[in-house]
Structures are given as C-alpha cells and as structure tokens.
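Report on the structure given below.
Just so it is clear, none of the values below were taken in a lab; they were calculated from the coordinates. Model, not experiment: these values are computed from the prediction. When we count neighbours, we look across all protein chains shown, and the Cβ atoms used for this are built from the backbone with ideal geometry, even at glycine.
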Amino acid sequence: MQSRTSKLTDQLKAKGTESNVLSGVRVYINGFLAGTTDMEMKRTVQLAGGRILNTPSGASHILTSQGLNLSKVHKHFHGKPRSTVHVVKPEWVSDSIQAGKKLSEWDYQILKDSTRQDVSAMLGQASTH
C-alpha cells in the first residue's frame with residue numbers, strides 16, 4: 001500500500017497539476033493506516049484536491065485501518081444514524097485517485113450503515129438508562 005500511495009503521489013506531482021478527484025472531501029486521519037504513513041496519505045489527499053483536518057469535526061471521511069473505539073463511535077454517530085461521515089480504509093483514497101473519480105465508500109467502510117445504525121440505537125438506549 002505504501003509503495004502504491006507513493007507511486008500515486010509521484011504521478012500526481014509529475015503531471016505538474018493537482019488533481020481534483022477528491023475535491024470537496026474533508027479527511028481526518030484516525031490512528032493506524034496499514035501500508036502507508038499519515039504524512040504520505042496527507043500529501044496524497046491534498047495533491048488530489050482534498051483537505052486534511054486536524055480534528056474529526058467537519059470531516060466527510062475518517063481514514064483508518066482499524067475500527068473506531070466505542071467512545072469515538074458514540075461521539076461521531078450517536079443520534080446521527082444518517083450521518084454523512086464515512087469511516088473508510090485508506091485504500092479508498094488511492095483507488096479513487098487511480099480510477100480518476102471518487103469511488104463509492106461502501107466497499108471501503110470500516111462501519112457499514114446497518115452497523116452504524118445498530119451502534120447508534122444501542123448507544124441511544126444505553127444513554128436513557
């Protein structure tokens with residue numbers, strides 16, 4: 001993954017122009033990214049037109065290779081079963097750049113919609129006791 005991300009970054013730089021594949025995408029990197037570094041991923045996202053955030057607030061995408069802990073799930077999804085925040089693997093970024101368009105997040109999600117709704121419902125019930 002790291003060599004793939006590095007190649008994509010080099011290709012974007014070689015073109016001499018920034019790509020707009022990730023235009024409008026606001027990314028927060030949460031912890032471990034398998035096969036790449038957060039610095040490399042930040043550079044790749046920015047070269048592809050995306051924006052890196054230092055906090056998850058306002059993020060459209062959270063990149064991680066591992067699940068979020070329960071407190072982060074609660075913070076991001078409690079009371080928001082229709083949230084537009086996508087928790088995805090870093091491969092979503094590199095595959096989207098390679099495809100030349102934003103790919104569907106579904107195949108790259110850490111939390112699927114049904115799981116997210118189940119967790120939100122469970123947390124909502126837990127907070128009412």
Length gain on complete extension for the stretch Gln109 to Asn54, per 0.36 nm per residue less the alpha carbon to alpha carbon distance?
17.7 nm
For the pair Lys101/Ser23, report the inter-label distance in nm, with labels modelled 7 Å from Cα in the Cβ direction.
1.5
Expected output is a single nm value to one decimal: the length gained when fully extending between Gln66 and Thr84, i.e. 0.36 nm times separation in residues minus the C-alpha distance. What is it?
4.6 nm
